[in-house]
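Trainee: To start, I am sharing the structure in question, which I have written as structure tokens.
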2 protein chains.
Amino acid sequence: MAGFGNVNRALVRLLARKQQELRALGIDYRVTGVGSRRLGWIADPEGLDLAAIEAGSSQRSRLAPHASELCKWLGTAKADVLFEATSLSVKDGQPAIAYIRAALESGAHAITANKGPVIHAYRELTELAAAKRRRFLFESAVMDGVPIFSLFRENLPAVQLRGFHGILNSTTNLILTGMEQGLTFEQSLSRAQQLGIAETDASHDIDGWDAAVKVAALVTVLMGIQMRPEAVKRQGIATLAAAAVRQARAEGKPFKLVCRAHRAGTDVEASVGPEQVPLTDPLALVNGTSSMICFETDIFPALTITENDPGVETTAYGMLADFVRAVGD
Amino acid sequence: MAGFGNVNRALVRLLARKQQELRALGIDYRVTGVGSRRLGWIADPEGLDLAAIEAGSSQRSRLAPHASELCKWLGTAKADVLFEATSLSVKDGQPAIAYIRAALESGAHAITANKGPVIHAYRELTELAAAKRRRFLFESAVMDGVPIFSLFRENLPAVQLRGFHGILNSTTNLILTGMEQGLTFEQSLSRAQQLGIAETDASHDIDGWDAAVKVAALVTVLMGIQMRPEAVKRQGIATLAAAAVRQARAEGKPFKLVCRAHRAGTDVEASVGPEQVPLTDPLALVNGTSSMICFETDIFPALTITENDPGVETTAYGMLADFVRAVGD
């Protein structure tokens, strides 16, 4: 496990809770390595005592994560699978890409909850994985663990995706919901931070970057057109006054930060920005931390997936499901 | 192809249109047999001239579909896959079950758009398919071709389904929408029949039987509890007066024919019946022939899939997708 924050810790708990179901799928596991800035890079092929590590009483095989040491860490751990859940770097996707590359090179499957490797190195990592007969999977990168990428990869063969729209950033959606309930922007942001949804520096969400990164990831993987987040026309919610947000809701046309992407000739046009949506549009019913995506395809005019009230466990679940895809019978 | 009505005819057109995508998946095909009451049972391992058959100018190898003849038809056709799309028999699932059993026994995969075999013989046919190392697939049986069964089978490993609710019968939903628009029940039914959505004898839909059969199929397959449609508490829409339907919509609590199923101890309680739903519930936005299902699971509190404005092609697509699942690389 590279990174040992909320997501990988939730994954450890979920793996333990689903041990029986995993065994029924022919899968057993032990965690043989964890690496993070706080803990260092610890490995033991016999399995780590994660409780002791969290309590700070275990310090074996501590290594710094430079290229050769990373390989040594993976080798010491005898890793079959790397679960990568470090912080997102929108700029270059590092160090996540280096971790994933090293894992695949060493013969391990690479599973990430991180959008950086998808927007910066989807093709390279997918090709590397194929060459090594391993999997590079990232279901948790968009809409927590809801099966979006795997739906198209495995369940919608021969379908052409023409475009999609939806609400993909929970922080801004929660802030807008709070403003509709009477809070100022700052109060609503502060509440989202207290709930652990928004980060201390929430500008990445508020400016629409997180949503743009998700749109770029979806376009790149599902529409086969490499798209950088900078190519997504982007407007955040910081310019929306609380009074205007409340009035829009009162008038039955609430503001939502809407993501859109559509094919235009051989290219794709994509945008993220606040829109007023009518109450007859399912987008209007997506409140709080819920999210929604509507796919427009040649077969299904509109196929919509909505996720209500996800928790950190749903993100961890996406990694568990990828784990089953990679190593299950 | 057993049955050569709307669904299998749409499948023939869709297979032709998607020939290139299928080849990219390593799949080529020819239709070597069709059987229906009107056409008889025709087979040619070199491939049939379907246009000539539809025009009535081809009559080779006509056979009656009794057990031994059915095997002869499958053998003459050298079928790798049977596409079964005959009419539903709620009572006993025949003759579809016999066709599917014969196909599996002969070593062909069996793909059906028919709910009968699922509610009457899911376990038997699944076990027979496993013994023959073939597939028994039925994605089109519920919500046209939207991947519901395959979502749980392939993309939601280790998830426990606690219950679901939704709108699964398009005829009654379209009739209710028409009544809200000012039509009487009879006018609205008549319009649905003219649109080709409702059958001449629509009582199967109006009385809630179709929805109950779908609920039973979902419970049987996704919740692992064999359920008969008779066990679904059922009320249709025939008792709803048009004025009451209009008033309910005007008051912001429209009537919908809602399907529900929830675990209760080791059993499942299920119902189909008209309910007034608030406009803040996504159910209220499902109009016309659209449908929706919301799954309640241990991981996702509410994961909802909505299909808008499907056509006969979406049902055919479910069979094409099953075809790829059965024979693709």
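Trainee: So which residues in segment B:9-27 are surrounded by fewer than 22 Cβ atoms within 10 Å (Cβ to Cβ) and within 17 Å of B:Ala110 (Cα to Cα)?
Mentor: B:Val12, B:Leu15, B:Ile27
Trainee: In segment B:79-93, what count of residues is obtained for those that are within 14 Å of B:Gly116 (Cα to Cα) and in a loop (DSSP other than H, G, I, E, B)? Break it down stepwise before answering.
Mentor: As a first pass, look at segment B:79-93 and keep what is within 14 Å of B:Gly116 (Cα to Cα): B:84-93.
This time we only want the ones that are in a loop (DSSP other than H, G, I, E, B), so: B:85-93.
The number of residues fulfilling the criteria is 9.
Trainee: Among residues belonging to segment B:31-44 that are among the charged types (D, E, K, R) and under 24 Å from the mean Cα position of the chain (by Cα), point out the one that is least open to solvent (accessible area, probe 1.4 Å).
Mentor: Of segment B:31-44, the ones among the charged types (D, E, K, R) are B:37-38, B:44.
Pick out the ones that are also under 24 Å from the mean Cα position of the chain (by Cα) and you get B:37-38.
Details: B:Arg37: 223, B:Arg38: 156 Å².
The residue in question is B:Arg38.
Trainee: Tally time: how many residues in segment A:155-179 are free of Cβ contacts under 8 Å to residues at least 40 places away in the same chain, on the phi < 0 side of the Ramachandran plot and small (Gly, Ala, Ser)? Even if it seems obvious, please write down each step before you answer.
Mentor: As a first pass, look at segment A:155-179 and keep what is free of Cβ contacts under 8 Å to residues at least 40 places away in the same chain: A:155, A:157-158, A:171, A:178.
Retained after the next criterion (residues that are on the phi < 0 side of the Ramachandran plot): A:155, A:157, A:171, A:178.
Restricting the remaining residues to those that are small (Gly, Ala, Ser) gives A:178.
Of the residues in that region, 1 qualify.
Trainee: Any idea which residue in segment B:231-248 is nearest to B:Glu186 (Cα to Cα), counting only those that are part of a loop (DSSP other than H, G, I, E, B) and open to solvent by 70 Å² or more (accessible area, probe 1.4 Å)? Steps first, answer last, please.
Mentor: If we filter segment B:231-248 for residues that are part of a loop (DSSP other than H, G, I, E, B), which is where we start, we get B:232, B:235-241.
Narrowing the set further to residues that are open to solvent by 70 Å² or more (accessible area, probe 1.4 Å) leaves B:235, B:239.
Details: B:Gln235: 18, B:Thr239: 12 Å.
The selected residue is B:Thr239.
Trainee: Separate question: Against the condition acidic (Asp, Glu), buried (at least 18 other Cβ atoms within 10 Å of the Cβ) and under 19 Å from the mean Cα position of the chain (by Cα), how does B:Asp201 come out, does it pass?
Mentor: Working: acidic (Asp, Glu): yes; buried (at least 18 other Cβ atoms within 10 Å of the Cβ): no; under 19 Å from the mean Cα position of the chain (by Cα): yes.
Taking the combined requirement at face value, the residue does not satisfy it.
Trainee: What are the pairs, 6+ residues apart or on separate chains, where a residue within segment A:259-275 that is without any contact (Cβ under 8 Å) to a residue 24 or more places away in the chain and within 16 Å of A:Leu168 (Cβ to Cβ) has its Cβ under 9 Å from a residue that is part of a strand (DSSP E or B) and of a type in the set (Val, Ile, Thr)?
Mentor: From residues that are without any contact (Cβ under 8 Å) to a residue 24 or more places away in the chain and within 16 Å of A:Leu168 (Cβ to Cβ), the pairs are A:Glu275/A:Val258.
Trainee: Please go through segment B:161-187 and give me each residue that is in contact with a Pro (Cβ under 8 Å, 6 or more places away or on another chain) and within 15 Å of B:Val258 (Cβ to Cβ), ordered by number. Before you say what the answer is, go through the steps one by one.
Mentor: Kept after step one, since they are in contact with a Pro (Cβ under 8 Å, 6 or more places away or on another chain), are these residues of segment B:161-187: B:170, B:176, B:180.
Within segment B:161-187, B:Ser170, B:Leu176 meet the criteria.
Trainee: Which one is nearest to the other protein chains (Cβ to nearest Cβ), of the residues in segment A:293-311 that are over 27 Å from A:Arg263 (Cβ atoms) and assigned to a loop (DSSP other than H, G, I, E, B)? Walk me through it before giving the result.
Mentor: The initial filter retains those residues of segment A:293-311 that are over 27 Å from A:Arg263 (Cβ atoms), namely A:308-311.
Narrowing further to those that are assigned to a loop (DSSP other than H, G, I, E, B): A:309-311.
Values: A:Asp309: 5, A:Pro310: 7, A:Gly311: 8 Å.
Looking at the filtered set, the residue picked out is A:Asp309.
Trainee: Filter segment A:1-52 down to the residues that are at pLDDT 95 or above and of a type in the set (Phe, Trp, Tyr) and list them by number.
Mentor: The answer is A:Tyr29, and nothing else.
Trainee: Go through A:Thr314, A:Thr289, A:Thr280 for me and flag whichever is facing another protein chain (nearest Cβ under 9 Å), surrounded by 19 or more Cβ atoms within 10 Å (Cβ to Cβ) and of a type outside the set (A, V, I, L, M, F, W, C).
Mentor: Values: A:Thr289 fails: facing another protein chain (nearest Cβ under 9 Å); A:Thr280 fails: surrounded by 19 or more Cβ atoms within 10 Å (Cβ to Cβ).
That would be A:Thr314, the only listed residue that is facing another protein chain (nearest Cβ under 9 Å), surrounded by 19 or more Cβ atoms within 10 Å (Cβ to Cβ) and of a type outside the set (A, V, I, L, M, F, W, C).
Trainee: Another question about this same structure. For segment A:249-257, check the following and say yes or no: at least one residue is assigned to a helix (DSSP H, G or I) and either farther than 18 Å from A:Val146 by Cβ or over 21 Å from the mean Cα position of the chain (by Cα) (or both).
Mentor: So in segment A:249-257, the residues assigned to a helix (DSSP H, G or I) come out as A:249-250.
Checking the rest, the ones that are also either farther than 18 Å from A:Val146 by Cβ or over 21 Å from the mean Cα position of the chain (by Cα) (or both) come to A:249-250.
Yes, segment A:249-257 contains at least one residue that is assigned to a helix (DSSP H, G or I) and either farther than 18 Å from A:Val146 by Cβ or over 21 Å from the mean Cα position of the chain (by Cα) (or both).
Trainee: From the list A:Ala131, A:Ala110, which one is at pLDDT 95 or above, of a type in the set (Gly, Ala, Ser) and buried (at least 24 other Cβ atoms within 10 Å of the Cβ)?
Mentor: Numbers: A:Ala131 fails: buried (at least 24 other Cβ atoms within 10 Å of the Cβ).
None of the others qualify; the one that does is A:Ala110.
Trainee: State whether one or more residues within segment B:53-72 are more than 18 Å from B:Glu84 (Cβ to Cβ), at pLDDT below 95, among the hydroxyl-bearing types (Ser, Thr, Tyr) and open to solvent by less than 50 Å² (accessible area, probe 1.4 Å).
Mentor: yes
Trainee: Taking B:Arg228 and the conditions (1) surrounded by fewer than 17 Cβ atoms within 10 Å (Cβ to Cβ); (2) within 14 Å of chain A (Cβ to nearest Cβ); (3) within 18 Å of the chain's Cα centre (by Cα), which numbered condition does it fall short on, given that it satisfies the others?
Mentor: (2)
Trainee: Please give the number of the condition A:Pro274 fails out of (1) modelled with pLDDT of 95 or more; (2) over 25 Å from A:Lys115 (Cβ atoms).
Mentor: Answer for A:Pro274: the failing condition is (2).
Trainee: Within segment B:118-166, which residues are touching a Leu at 6+ places or on another chain (Cβ under 6 Å), part of a helix (DSSP H, G or I) and more than 14 Å from every other protein chain (Cβ to nearest Cβ)?
Mentor: B:Leu128, B:Ala129
The values are calculated or read from the model by the stated rules, or taken from the named source; none is laboratory data. Worth saying up front: this structure is predicted, and the values here are computed from it rather than measured. Neighbour counts are summed over all protein chains in view; Cβ atoms, including those assigned to glycine, are modelled from backbone coordinates with ideal geometry. For accessibility, only protein heavy atoms count, side chains too; no ligands or nucleic acids. Shrake-Rupley method; radii C 1.70, N 1.55, O 1.52, S 1.80 Å.
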